[in-house]
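> Submitted below is the structure of interest, expressed as structure tokens.
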Amino acid sequence: MKDIPKSKRYALGWYHEGITHLSINEYEEAIAFFNKALTVIPEHPDFLIGKGDVHFAMGQYDDAFQLYQQAARVDPDSFRAWLQSGVALLKKGRYQEALDIFTRILPMNEYDGELWLAHGIALFHLGRTEEAAGSLRNAMRLKPNQPALWYYLSLLEADHEQALRYLLRGYRIDSTNLDIILEIARRLMETGHHRDARVFCEKAVSLDPGNERAASLLIRCRE
């Protein structure tokens, strides 16, 4: 964390309260504590990133991006500010801009598995699948406990059985990940395992009743 003057270190208490509330999905409370910390040091990059993380968790990617960029302007060497800026761009579908950021910060920390995953996702969506596979393999070596990693590895895999192995590994890490659940259901249907597919379709619908893809797959399973 960037240095804080001794006379203002009490703001750290508010920052840590914000982190705690964010970890238990109490977003309004988290924002309030980060705002308190920012009233003491308005341009502290870690406080800005913390507030950005709350907006990110709420799906407010524009607000999150602006806060991450503000943190990066204050501290251009902040790896986290740049990484999160790029991830926010991924969520907005701005894949080339995200890739530009990830490529630029690779020399900062080439051993960060989150960065390699994000790099691979951007490449995948830009149609650069061979390069994406290389980045995802790096992520697998450095930080294999990322559910999205196994989801994207499955998308690059033509063999249904191998794809399902990837997906089930991701599912064991996060059994509520809708992308993984729906891709498992689709692959099971492709291989004729409709009864098993139906179980995953029903779980997807229970997690997100308004998800049109889940509802459509469930109808197909029942047919």
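Read the figures in this text as sums done on the coordinates, not as results from a lab. Every value quoted in this text rests on a predicted model; they were computed, and no experiment measured them. Because the Cβ atoms are built from the backbone with ideal geometry, glycine has one as well, and the counts that use them run over all protein chains shown.
> To the nearest 0.05, how large is the calculated FRET efficiency for Leu155 and His16 if R₀ is 41 Å and r is the Cβ-Cβ distance?
0.60
> Then there is this: Taking 31 Å as the cut-off for C-alpha to C-alpha distance, list the pairs among Lys6/Lys92; Lys6/Lys51; Lys8/Lys143; Lys36/Lys203; Lys8/Lys92; Lys36/Lys92 that go past it.
Correct reply: Lys6/Lys92; Lys8/Lys143; Lys36/Lys203; Lys8/Lys92.
> Between Met58 and Lys143, what is the FRET efficiency for a Förster distance of 25 Å, r being their Cβ-Cβ separation, to the nearest 0.05?
0.55
> Helix-only mean residue ellipticity at 222 nm, the chain, DSSP H runs n ≥ 4 weighted -39,500 (n - 2.57), per residue, nearest 500. What is it?
Rounded to the nearest 500, it is -23500 deg cm²/dmol.
> Still on this model: Which value, in debye to the nearest 20, describes the size of the charge dipole of region 1-88 about its Cα centre when Lys and Arg Cβ atoms bear +1, Asp and Glu Cβ atoms bear -1, and nothing else is charged?
340
> Given just the C-alpha atoms of the chain, how large is their convex hull per residue in cubic angstrom?
127
> Pop out the Kirkwood hydrodynamic radius of region 1-88 from its pairwise C-alpha distances, inverse of mean 1/r, in Å to one decimal.
With all distinct Cα pairs of region 1-88 included, I get 12.6 Å.
> Further, regarding this structure: Residue separation times 0.36 nm, minus the C-alpha to C-alpha distance between Glu26 and Val199: what's the value?
This chain segment gains 59.1 nm when fully extended.
> For region 100-223, calculate the relative contact order in percent as a whole number, restricting contacts to Cα pairs under 8 Å that are 6 or more residues apart.
Normalised by residue count, the contact order of region 100-223 is 15 percent.
> Further question on the same structure: Which residues does the label zone of Val74 cover in region 20-46, counting backbone N under 13 Å from a point 7 Å along Cα→Cβ?
Taking a point 7 Å out along Cα→Cβ of Val74, the residues of region 20-46 whose backbone N falls under 13 Å are 34-46.
> Taking a quarter of the surface of the Cα convex hull of region 115-223, what do you get in nm²?
Spelled out: convex hull of the Cα atoms, projected over all directions, averaged, 6.7 nm².
> Now for a different question. Normalising by the residue count of region 1-88, find the relative contact order in percent from Cα pairs under 8 Å and 6+ residues apart.
About 23 percent, as a whole number.
> While we're looking at this one, here's another question. On a C-alpha basis, how far is the centre of region 90-131 from the centre of region 20-65 in Å? Whole number, if you could?
24
> Let me have the relative contact order for the chain, percent, based on Cα pairs under 8 Å that are six or more residues apart.
Once normalised by length, the contact order is 9 percent.
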